[in-house]
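One structure is given here, and the rest of the page talks about it.
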Amino acid sequence: MAAAARFFIRGAPLKLPVSGVGTGAQSSFEATLLKLSPNSNSRTTTQRRHAAHFTFQPDAVPTQYGPTQKMNLFQSVTSALDNTLASDPTAVIFGEDVAFGGVFRCTVGLRDKYGKDRVFNTPLCEQGIVGFGIGAAVAGATAIAEIQFADYIYPAFDQIVNEAAKYRYRSGNLFDCGNLTIRAPWGCVGHGSLYHSQSPEAFFAHCPGIKVVIPRSPVQAKGLLLACIADQNPCIFFEPKILYRAAVEQVPVEPYTIPLSQAEILQEGSDVTLVAWGTQIHVMREVANMAQEKLGVSCELIDLQTILPWDTETVCKSVVKTGRLLISHEAPITGGFAAEISSTVQEECFLNLEAPIKDDQLLNPCQGPTSGSPGLHHLSFSSSFIQSVERGQEKTLC
């Protein structure tokens, strides 16, 4: 993380250890090596498992939305769905195993409260789930579909990009499926490996007609999800699965919305702009703090929140002020959404840039599937930031 913050700081002689990233995974990996070694101490105890590569930092308790209650992220999603079912008699929730609460418990108790006709299971067919949701939304229902993991959304790709996204356009606005919201657990979880750790937001960012949203916290999750459900365009709502239980905040009980396509400046700064979304916001918070403490570098941290359409104005205004930009995400670098941000900023802010824009992909610098090995996770974290320093330490725009 220190390396990422140092990327745009020219000539800083201090070499910082990479701390706070993958340290738990490293200790597990080292414990395994000790266990396998014939010379290891037989008294070595079982190591505690650390899946997270960050420390969640809750936002200030919101006061503008009424009474709050302590919730983790999956409970805030449940609360949003509960509010929707209570206020909208046309709302239906469906997907694989949602009737008994879903694999992450986001719909727990809703079938018992609202009935099996409004919260129900579907066959294991993502294409069918989204296709059904499109039809329900066209018929006037508020359709909320769950894809069990974002990694499994690809069979529904044709339904999303060729049907849902284009329904209004191809009918000349006579029909639309704007009442469709697709939820999916998203991102790395530490033990999800190649089929449960993907971040596919960039695939959908290429498609006009849909909105793509990723929250960073329970408060944001509820407000943004309700905004997606209320929006008159089909929305994909990716939920960082590693935060389902790790992120806990005081969340308003009553329904509220947070505007889509509006980035949020979480920390103001003057030397470098950090842009991220979802889980990576918490990694970049630590980067910003370390940069300030160790290097005296002032970082401006921006949570993009909505990937499509994204808030170009907020990001560009920040880069004009700082002159430097670091973008971090979990998806592979090639074709990642950071490339779109980089291209836009390069075009709009070229004369204000003091150094090349850096796209830093945390989990997978080798461009392969996410590893299931905690040791390899640690190596990926470290090497990503070390390489950033090596490549960017001397680069400046003259």
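The values are calculated or read from the model by the stated rules, or taken from the named source; none is laboratory data. Source: prediction; values computed, not measured. Cβ atoms come from the backbone with ideal geometry, glycine included; neighbour counts cover every protein chain shown. Each accessible area value is taken on the protein alone, full model and side chains, heavy atoms only, with ligands, DNA and RNA left out. Shrake-Rupley method; radii C 1.70, N 1.55, O 1.52, S 1.80 Å.
Annotations for the structure displayed:
- Failed criterion for A202 (all others in (1) surrounded by fewer than 21 Cβ atoms within 10 Å (Cβ to Cβ); (2) without any contact (Cβ under 8 Å) to a residue 60 or more places away in the chain hold): (2)
- Qualifying residue in the stretch 153-173 (condition: over 23 Å from L81 (Cα atoms) and under 20 Å from the mean Cα position of the chain (by Cα)): yes
- Any chance V219 is touching a residue at least 60 places away in the same chain (Cβ under 8 Å), crowded, with 22+ Cβ neighbours inside 10 Å, assigned to a strand (DSSP E or B) and assigned by the TED database to the domain that holds E201: no
- Residues that are part of a strand (DSSP E or B) and farther than 27 Å from P200 by Cβ were ranked within the stretch 252-298; the one that is nearest to the chain's Cα centre (by Cα) is Q267.
- Selected residue (only one of L274, L308, L295, L304 is surrounded by fewer than 22 Cβ atoms within 10 Å (Cβ to Cβ) and touching a residue at least 24 places away in the same chain (Cβ under 8 Å)): L295
- Residue count for the stretch 176-193 under the criterion of being part of a loop (DSSP other than H, G, I, E, B) and modelled with pLDDT of 95 or more: the result is 4.
- Looking only at the stretch 236-285, and only at residues there that are of a type in the set (S, T, Y) and out of contact with any Gly (no Cβ under 9 Å at 6 or more places or on another chain), the one that is modelled with the highest pLDDT: S261
- Among (1) farther than 19 Å from D82 by Cβ; (2) open to solvent by less than 20 Å² (accessible area, probe 1.4 Å) - the single one P185 does not satisfy: (1)
- Single condition K294 does not satisfy, out of (1) in contact with a Pro (Cβ under 6 Å, 6 or more places away or on another chain); (2) modelled with pLDDT under 95: (1)
- All of Q57, Q75 fail the test of being in contact with a Lys or Arg (Cβ under 7 Å, 6 or more places away or on another chain), within 29 Å of A246 (Cβ to Cβ) and not charged (D, E, K, R), apart from Q57.
- Pairing each residue of the stretch 227-238 that is in contact (Cβ under 8 Å) with a residue 24 or more places away in the chain with any residue that is aromatic (F, W, Y) and buried (at least 24 other Cβ atoms within 10 Å of the Cβ), provided the two are 6+ apart or on different chains, yields C-beta distances under 6 Å for C228/F237; F238/W186.
- When the strands (runs of 3 or more DSSP E) confined to the stretch 50-139 are screened for residues that are open to solvent by 60 Å² or more (accessible area, probe 1.4 Å), touching a residue at least 24 places away in the same chain (Cβ under 8 Å) and more than 22 Å from P215 (Cβ to Cβ), those reaching at least 1 such residues are found at 119-121.
- Considering residues of the stretch 251-271 that are of a type in the set (D, E, K, R) and without any contact (Cβ under 8 Å) to a residue 60 or more places away in the chain only, the residue nearest to R324 (Cα to Cα): E268
- Flag if I242 is in contact (Cβ under 8 Å) with a residue 40 or more places away in the chain, of a type in the set (V, I, T) and in contact with a strand residue (DSSP E or B) (Cβ under 9 Å, 6 or more places away or on another chain): no
- Counted residues, the stretch 311-346 - those being under 18 Å from G278 (Cβ atoms), at pLDDT below 95, more than 16 Å from the chain's Cα centre (by Cα) and surrounded by fewer than 22 Cβ atoms within 10 Å (Cβ to Cβ): 2
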